[in-house]
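All remarks here apply to the structure that follows.
The values are calculated or read from the model by the stated rules, or taken from the named source; none is laboratory data. Everything quoted here is computed from the prediction, not taken from an experiment. Positions of Cβ are backbone-derived with ideal geometry, glycine not excepted, and every protein chain shown enters the neighbour counts. Only protein heavy atoms, including side chains, enter the accessible area calculation; ligands, DNA and RNA are left aside. Shrake-Rupley method; radii C 1.70, N 1.55, O 1.52, S 1.80 Å.
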Amino acid sequence: MNMVLTASKRQKGRQSSLTQLRQNGDIPGVVYGFQMESTAITLDARTFAKLLAAHGTKSVFQLDVEGKRINAVLTEVQRCALKGNVKHVDFKSINMSEELEVDIPVTVTGHAVGVADGGFLLQPNREVRIKVKPTEIPETIEIDVTNVAIGTSLYVGDIRQQFSFEILQEDDFTLATITPPPAENVQEEDTVDGTPEVIEATGQNGAEPEA
């Protein structure tokens, strides 16, 4: 569960210093929280990328900051809008004996009966906030939508008892819903007594048109 990530302290400087740091293959960051002051750090970009790809953003990391081991979780990862590479990271030092609040992604499983009947599956909320021990943080929360029919939804209240940790949202927080298929456009005709209304052409003053 815990991944060791070596970090070095750095002096907070100008934007040009951060740019040079990134060009050298490092990532600027900060760690704050339990039993420590906010500390500016640097990480090796390649090592961090490998750990992130292997273990995700919800894991507990062990930061080795110049010989001092710190248990921490990621609170923010800033990326370049164009290239997608990591520009800055924020870590929060945690007490491993206390529960913490984290946002966990929701993953849908099963084949909804409503989709089989022609409906569309929507996920209005793709994350839930939970309160959990650091050693028990899940990478995702799976919800089974097999029995969700057209016009019905799956709520936090439906799945709350399936997990040992506390879900902080209310019971009516929607996780998945099945909407009906769009109605076909039917061309309507003007009718009189159920039969099409025929409007005859006439000339001026109601006279019959000339042949």
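For segment 13-44, a tally of residues being touching a residue at least 24 places away in the same chain (Cβ under 8 Å) and either of a type in the set (S, T, N, Q) or under 17 Å from E66 (Cα atoms) (or both) returns 14. Cβ-Cβ distances below 7 Å connect the following pairs, each with a first residue in segment 65-76 that is outside any strand (DSSP E or B), a second residue that is of a type outside the set (D, E) and surrounded by 12 or more Cβ atoms within 10 Å (Cβ to Cβ), and a separation of six or more residues or different chains: E66/S8; E66/K9. Screening the candidates I137, I178 for the property of being under 30 Å from E98 (Cα atoms) and either in contact with a His (Cβ under 8 Å, 6 or more places away or on another chain) or at pLDDT 90 or above (or both) yields one hit, I137.
Looking across segment 77-104 at every residue that is touching a residue at least 24 places away in the same chain (Cβ under 8 Å) and of a type in the set (K, R), the one that is farthest from Q162 (Cα to Cα) is identified as K87.
What are the residues in segment 153-173 that are assigned to a strand (DSSP E or B), open to solvent by 30 Å² or more (accessible area, probe 1.4 Å) and either in contact (Cβ under 8 Å) with a residue 40 or more places away in the chain or within 25 Å of G56 (Cβ to Cβ) (or both), if any?
E166
Residues of segment 131-152 that are open to solvent by 80 Å² or more (accessible area, probe 1.4 Å), under 30 Å from D117 (Cβ atoms) and either of a type in the set (A, V, I, L, M) or outside any loop (DSSP other than H, G, I, E, B) (or both): E142, D144. Within segment 99-130, the set of residues being in contact with a Lys or Arg (Cβ under 9 Å, 6 or more places away or on another chain) and either part of a loop (DSSP other than H, G, I, E, B) or more than 25 Å from T57 (Cβ to Cβ) (or both) comprises E99 only. Evaluation of T107 against the conditions (1) in contact (Cβ under 8 Å) with a residue 40 or more places away in the chain; (2) touching a strand residue (DSSP E or B) at 6+ places or on another chain (Cβ under 7 Å); (3) open to solvent by less than 70 Å² (accessible area, probe 1.4 Å) shows that the sole unmet condition is (1). A single member of V65, V86, V73, V60 is open to solvent by less than 30 Å² (accessible area, probe 1.4 Å) and more than 23 Å from D103 (Cβ to Cβ), and it is V65. Inspect segment 90-110 for any residue being of a type in the set (F, W, Y) and farther than 22 Å from L5 by Cβ and give the result as yes or no. Scanning segment 90-110 turns up no residue that is of a type in the set (F, W, Y) and farther than 22 Å from L5 by Cβ.
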